[in-house]
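What follows is a single structure, written as structure tokens, with notes after it.
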Amino acid sequence: MSFWSIDQVAAVDGELAAIIKNEMMRQRTTLQLIASENFTSPAVLAATASVLTNKYAEGYPSKRYYGGNAIIDEAEDLAKRRVCQLFGAEHANVQPHSGASANLAVYMALVNPGDTILAMSLDQGGHLTHGSPVSITGKIYKFVHYGVSPYSSDGSGERIDLDQLRDLAKRENPKLIVAGTTAYTRIIDPMPFREIADEVGAKLLFDVAHPAGLIAGGVHPNPVGVADVVTFTTHKTLRGPRGGTILTGEGLAKAIDSAVFPGLQGGPLEHVIAAKAVAFFEAMQPGFKVYAQKAVENAKALAASLADQGFRLVSNGTDNHQVLIDLRTFDQDLTGKAAQDSLDRAGITCNRNQIPNDPRPPFITSGLRLGTPAETTAGMGTAEMGLIASLITKVLRHCGDETIEKEVLYEVRELCKNFDPYPTVSA
Ligand code: DSN
């Protein structure tokens, strides 16, 4: 019997079981194009729903505060060993509940309140926890932000501006430089970041939440051993449970571990850590390399088809699992919010996103971000990406038209019938 059978929920709580079933149905019958989402394997789901959720395990393997943790220690050690092997790291902390808490722990370990940190601006493609003024990170530390180069008609613009980064580093003397993005479609080479950090005596954190699975699959460069610390979430391209992980060398291991516990967190989520161990094992298999390659191929195919339909793509294309659309040249009155809402009603799930130098505010935006991790897991290939681009175009040419939305919803459901992410799971 599965640990996470919905029938077991239904036997106790019909109301909640219906909600779970509806969400399962939504994921199976509509297109999931949010770049930070994926479909975990049934094994990852089952580990997440295991009895490990019952155990308090404050501390670390062999150094716990409560008894009864010998078996829990084996699970956490297994996750640590596997992720170190996967990325070639000396030390792993698999306890962060999220990417946000992983990043906060790194700041706590490496710098003091008020110290200067250089990171990518949220509105240029960075992340909230890279010092946005609305994040606790932006309130505790003095963040200075770099961005991307200006748009260029030859397609070479909108890349991380390393000249600006170097100039700011020399002027501001940061204690820490943060590399990493959430809405950026190009390969990020860690070496120039290391060189600039060394020039000014800063430490380097690389947040690889988005490309972690592409790095594990060998299609993007691995910053482990180049950056002082690497953080990531386990649920995006890496296809594990929702959570965070920190990798570092032996020299910073103690500081990082103390920042996670007792600095920021209490009892770790050992059921999630067990599921991370499963995901790390899955990412070591030869099939994961193929998956990572396909996620990128699919994004390139989706980008090319959208460009053919008249959309302008930020940075003129993609090297990863994301596509960032500037909607303004397609329809200058079309906002990211209106596009997202209309696509949602048509069964195409994605998120509005600011584009570099967006004239519209973050809640409205002029951009849409699409991603291929989930539907690549479900088995879709480049032919389906062409079809998806034409469905998106059909909706957005008539944004808000209910008849078109219904027609596309029907086409989406027909497409999804052949790409069920959970064919062995009943709901
Ligand atoms: N919300 C995540 C993303 O979508 O990229 C970042 O935390």
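If a residue must be within 14 Å of the ligand (Cβ to nearest atom) and either hydrophobic (A, V, I, L, M, F, W, C) or in a helix (DSSP H, G or I) (or both), how many such residues does segment 343-375 contain? Final tally of qualifying residues: 5. Look at segment 314-342 and say how many of its residues are away from the ligand (no atom under 16 Å from the Cβ), closer than 20 Å to Glu375 by Cβ and buried (at least 23 other Cβ atoms within 10 Å of the Cβ). So the answer is 1.
Figure legend. Inter-residue proximity from segment 114-137: first residues farther than 20 Å from Ser98 by Cα and open to solvent by 30 Å² or more (accessible area, probe 1.4 Å), second residues part of a loop (DSSP other than H, G, I, E, B) and within 14 Å of the ligand (Cβ to nearest atom), beta-carbon distance below 6 Å, spacing 6+ or different chains. Indicated pairs: Asp123/Gln354. Of the residues making up segment 149-171, those that are open to solvent by less than 40 Å² (accessible area, probe 1.4 Å), farther than 20 Å from Ala303 by Cα and either assigned to a helix (DSSP H, G or I) or among the β-branched types (Val, Ile, Thr) (or both) are Leu165, Leu168, Ala169. Among the residues here, Ala212 does not qualify as touching a residue at least 40 places away in the same chain (Cβ under 8 Å) and within 16 Å of the ligand (Cβ to nearest atom).
Residues in segment 228-247 that are open to solvent by 10 Å² or more (accessible area, probe 1.4 Å) and over 15 Å from Ala283 (Cα atoms) were compared, and the one that is nearest to the ligand (Cβ to nearest atom) is Arg242. For Gly88, state whether it is among the small types (Gly, Ala, Ser), touching a residue at least 24 places away in the same chain (Cβ under 8 Å) and surrounded by fewer than 18 Cβ atoms within 10 Å (Cβ to Cβ). Criteria met by Gly88. Whether a residue is in contact (Cβ under 8 Å) with a residue 60 or more places away in the chain, within 27 Å of Gly243 (Cα to Cα), away from the ligand (no atom under 16 Å from the Cβ) and part of a strand (DSSP E or B) was assessed, and Ile177 passes this test.
Once segment 27-68 is narrowed to residues that are open to solvent by 20 Å² or more (accessible area, probe 1.4 Å), within 30 Å of Lys406 (Cβ to Cβ) and in contact with a Ser or Thr (Cβ under 8 Å, 6 or more places away or on another chain), the residue that is nearest to the ligand (Cβ to nearest atom) is Ser36.
Among the residues making up segment 203-215, those that are open to solvent by less than 10 Å² (accessible area, probe 1.4 Å) and either part of a helix (DSSP H, G or I) or out of contact with any Ser or Thr (no Cβ under 8 Å at 6 or more places or on another chain) (or both) are Leu204, Ala212, Gly213, Leu214. With respect to His235, is the statement that it is in contact with a strand residue (DSSP E or B) (Cβ under 8 Å, 6 or more places away or on another chain), at pLDDT 95 or above and assigned to a loop (DSSP other than H, G, I, E, B) true? When the stated conditions are applied, His235 does not pass them. Consider Pro223 against the criteria (1) over 20 Å from His97 (Cα atoms); (2) within 16 Å of the ligand (Cβ to nearest atom): it satisfies all of them except one. Which criterion is unmet? The one condition Pro223 does not meet is (2).
The values are calculated or read from the model by the stated rules, or taken from the named source; none is laboratory data. None of the values given here were measured: they were computed from a predicted structure. Methodologically, a virtual Cβ is constructed for each residue, glycine included, from the backbone with ideal geometry; neighbour enumeration extends over all protein chains shown. These accessible areas exclude ligands, DNA and RNA; they are computed on the full protein's heavy atoms, side chains included. Shrake-Rupley method; radii C 1.70, N 1.55, O 1.52, S 1.80 Å.
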